Amino acid sequence: MHPLLAALDVDAATTATTLAERLRGHVGGFKVGSHLFTAEGPPFVRALTALGDRVFLDLKYHDIPNTVASAVRAAARMGVWMLNVHASGGRGMMRAARDAARQADSDRIPLVIAVTVLTSFDGPSLADVGIERQVIAHVEHLALLAQDAGLDGVVASPRETGRVRERCGPDFLIVTPGIRSGPPKDGDDQVRTMTAADAVLAGANYLVVGRPIIAAPDPAAAADAIAATLPVSGATGPLGA
């Protein structure tokens, strides 16, 4: 599967539908996050999955295990290909999410992955919330916890991808946001970034790319240009179900 997942981080289904139509065949799937999901809800997700699109539902569930399990079952009924929870929700919550996905009454069993540390965080940000580990150490800790809970993989910034791959092995999925063509610009809230090619070389399976694609004058051409920079292994390696 194509490793690029286009983030449909827009305000309305009409805009997102137009983007999806332009990008279909140029990316491997679409990320629907809290921005679009809050505006348009399940009907838009179902419209994509009905067309056969792979949808990564990026709602980062973080609640008590029973509530998260119920949300995962609802997501599975929408036909999503992949969804995520926060690893900081703990082992019990992650296992509940895993079990709910596997037991869901749906045609597709979604992949369940865990968010480690958001790309907007740095060392001082972690310290503000009482975590004294370095970012890379905390990402590693949460990735190993997610693996122990039986999840399919994690979301980690490209800066930690190599460490996660080393510690969690070749079959653990790594989904990587924070893809940029150069250093973060002023006003960019993602601080732990890397180029697409470097992220794949570090071990990423999938790259979630938003603004560099959807804000481009020609989103399909922008996606193709990013894909052209990727090593061959990025398109043919262990890219998941």
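Rule-based calculations on the coordinates, nothing more; no lab input. Everything numeric here is computed off the predicted structure, so don't read it as measured data. Methodologically, a virtual Cβ is constructed for each residue, glycine included, from the backbone with ideal geometry; neighbour enumeration extends over all protein chains shown.
Just check the chain against the gyration tensor rule for me: Cα atoms, a ≥ b ≥ c as the square roots of the eigenvalues, rounded for a/c under 1.5, and otherwise prolate or oblate depending on whether a/b exceeds b/c.
Verdict is rounded for the chain.
Counting alpha carbon pairs within less than 8 Å and at least 6 residues apart, what relative contact order, in whole percent, applies to the stretch 4-236?
Relative contact order here is 18 percent.
Per-residue HN-Hα couplings for the stretch 141-150, Karplus 6.51 cos²θ - 1.76 cosθ + 1.60 at θ = phi - 60°, whole Hz, x for Gly and Pro?
Using θ = phi - 60°, the values come out as 4, 5, 5, 5, 5, 5, 5, 5, 6, x Hz.
Quick one: which residues, 5+ away or cross-chain, put their amide H under 5 Å from the amide H of LEU111? H built at 1.01 Å from N.
MET82, LEU83
Suppose the chain between ALA225 and MET1 were pulled fully straight at 0.36 nm per residue; how much longer would it get relative to their current alpha carbon spacing? Can you show the working numbers first?
Working: separation 224, 0.36 × 224 = 80.64 nm, distance 1.71 nm.
Value of the extension gain: 78.9 nm.
How would LYS60, LYS31 line up from fewest to most surrounding beta-carbon atoms within 10 angstrom?
LYS60, LYS31
In whole Å, what is the distance between the alpha-carbon centres of the stretch 51-80 and the stretch 109-147?
20
Given charges of +1 on the Cβ of Lys and Arg and -1 on the Cβ of Asp and Glu, with all other atoms neutral, how large is the dipole of the stretch 4-236 about its Cα centre, in debye to the nearest 20?
Value, rounded to 20: 420 debye.
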